[in-house]
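Inspection log for the structure reproduced underneath, given as structure tokens.
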Amino acid sequence: MLRSLLSSFCYSAAPSSQESQFVPKINVTNRNAVALEVEATNGISVMENIRDLDASVDAICGGLCSCATCHVFIDADWTAKLGTRSSEEQDLVGHLSSFDPDRSRLSCQIMMSDELDGLTLTVAPEDF
């Protein structure tokens with residue numbers, strides 16, 4: 001009887017198999033034109049989510065918005081959802097030879113959240 005009671009308690013305390021943790025995704029096209037879907041972590045920058053991929057951003061400054069080596073092109077469907085660049089970000093990307101006034105962003109300046117699930121971007125060519 002006790003074993004049955006404990007067993008039912010343990011099972012009822014465990015999370016349901018139907019409960020699942022939502023994991024947002026980022027659609028990335030790397031510098032080799034390879035399309036990838038990345039499972040992202042919320043609360044950190046897009047740069048931190050993609051920097052370890054092959055042919056991805058370099059992120060030399062580690063996310064301090066001081067080098068522009070995490071430059072990406074945001075898909076046109078997403079640009080309005082991200083808001084505008086800060087003046088610091090604009091100063092950095094505006095001088096790049098690959099600058100696109102509509103799509104260029106520094107991935108270190110975009111914080112990942114559930115609302116960005118499906119974000120689509122292309123890693124910009126190296127400009128240094």
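Read-outs throughout are calculated quantities, based only on the coordinates presented, and are distinct from any laboratory measurement. In this text the structure is predicted, and so the values were computed from the model without any measurement. Cβ coordinates were reconstructed from backbone atoms using ideal geometry, including for glycine residues, and neighbour counts include every protein chain displayed.
Number of residues in region 20-68 that are polar (S, T, N, Q) and touching a strand residue (DSSP E or B) at 6+ places or on another chain (Cβ under 7 Å): the value is 6. Scanning region 99-128 for residues that are more than 24 Å from Ala40 (Cα to Cα) and surrounded by 13 or more Cβ atoms within 10 Å (Cβ to Cβ) turns up Phe99, Asp100, Asp127.
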